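**Q** Submitted below is the structure of interest, expressed as structure tokens.
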Amino acid sequence: MTVYTVVDGPLGEMLLVGEVTEDGGTALVSLSLPGQKGAAVVRDGWLRAPEAFEEIAAQLADYFAGRRTGFDITYAGGGSDFQRRVWQALEEIPYGATVSYGEIARRVGSAGAGVRAVGTAIGRNPLLVVRPCHRVIGADGSLRGYAAGLERKERLLGLEGALAP
């Protein structure tokens, strides 16, 4: 069963979508922001269930308040094998750090021409904020390619202290 809720945050209303697990928990399928390219949209048959996301919402609140540097969330599967490798590499970027698209490509064994494919996989990350694609920047240090807009990417990196003053 697919469940969802909307949570207020400093980047706007976040749409959280999940699947109910066999043990009655919630596996997060999507976290999207208003105006995001490829954002999830509530569908017929989905059940609004704020209680299913209480722990996730609390972790997000702590992150935005500067009290949390990582997330302990169950994610639902999804994506191709390549996308999952790229997304795993995103999850290994430490809080407050940034890496280049080329570095992610190297980490997943797709250097060179594979940088474009890595950028596409990062752009399809359905779990903004909690799977930190905002920590990937251009090789020259510039902010590039965030599905929810560069202003939000800058705000997240500023929150984490990853931007030089």
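**Q** Those residues that are of a type in the set (Lys, Arg) and closer than 20 Å to GLY123 by Cα, I need them from region 35-52; list them, please.
**A** Selection gives LYS37 alone.
**Q** Here's another thing I want to ask about it. Take the residues in region 138-158 that are in contact with a helix residue (DSSP H, G or I) (Cβ under 8 Å, 6 or more places away or on another chain) and either among the hydroxyl-bearing types (Ser, Thr, Tyr) or surrounded by 19 or more Cβ atoms within 10 Å (Cβ to Cβ) (or both), then tell me which one is farthest from ALA40 (Cα to Cα).
**A** Among those residues, the one meeting the criterion is LEU157.
**Q** I'm checking my understanding of the structure. Among residues of region 119-137 that are out of contact with any strand residue (DSSP E or B) (no Cβ under 9 Å at 6 or more places or on another chain) and outside any helix (DSSP H, G or I), which one is most open to solvent (accessible area, probe 1.4 Å)? Before you say what the answer is, go through the steps one by one.
**A** Looking only at region 119-137, we keep the residues that are out of contact with any strand residue (DSSP E or B) (no Cβ under 9 Å at 6 or more places or on another chain), and these are 120-121, 123-125, 132, 134.
Filter once more, keeping what is outside any helix (DSSP H, G or I): 124-125, 132.
Numbers: ARG124: 148, ASN125: 5, PRO132: 7 Å².
Per the stated criteria, the residue is ARG124.
**Q** Within region 38-57, count every residue that is open to solvent by 30 Å² or more (accessible area, probe 1.4 Å) and under 14 Å from VAL129 (Cα atoms).
**A** Residues in region 38-57 being open to solvent by 30 Å² or more (accessible area, probe 1.4 Å) and under 14 Å from VAL129 (Cα atoms): 1 in total.
**Q** Taking the stated definitions as given, is GLN83 crowded, with 18+ Cβ neighbours inside 10 Å and closer than 22 Å to PRO94 by Cα? Full working, then the answer.
**A** Numbers: crowded, with 18+ Cβ neighbours inside 10 Å: yes; closer than 22 Å to PRO94 by Cα: yes.
Taking the combined requirement at face value, the residue satisfies it.
**Q** Output the residue which, of all residues in region 38-54 that are in contact (Cβ under 8 Å) with a residue 24 or more places away in the chain and assigned to a helix (DSSP H, G or I), is nearest to the chain's Cα centre (by Cα).
**A** The extreme case among them is PHE53.
**Q** Oh, and also: Taking the stated definitions as given, is ALA97 in contact (Cβ under 8 Å) with a residue 40 or more places away in the chain and either in a loop (DSSP other than H, G, I, E, B) or more than 14 Å from the chain's Cα centre (by Cα) (or both)?
**A** Spelling it out, ALA97 is indeed in contact (Cβ under 8 Å) with a residue 40 or more places away in the chain and either in a loop (DSSP other than H, G, I, E, B) or more than 14 Å from the chain's Cα centre (by Cα) (or both).
**Q** Within region 22-37, work out how many residues are part of a loop (DSSP other than H, G, I, E, B) and either at pLDDT 95 or above or surrounded by 12 or more Cβ atoms within 10 Å (Cβ to Cβ) (or both).
**A** Counting residues in region 22-37 that are part of a loop (DSSP other than H, G, I, E, B) and either at pLDDT 95 or above or surrounded by 12 or more Cβ atoms within 10 Å (Cβ to Cβ) (or both) gives 5.
The values are calculated or read from the model by the stated rules, or taken from the named source; none is laboratory data. Treat the numbers as computed from the prediction; the structure is a model and nothing was measured. All Cβ positions, glycine included, derive from the backbone under ideal geometry; neighbour counts span all protein chains shown. Surface accessibility is based on the protein's heavy atoms, side chains included, excluding ligands, DNA and RNA. Shrake-Rupley method; radii C 1.70, N 1.55, O 1.52, S 1.80 Å.
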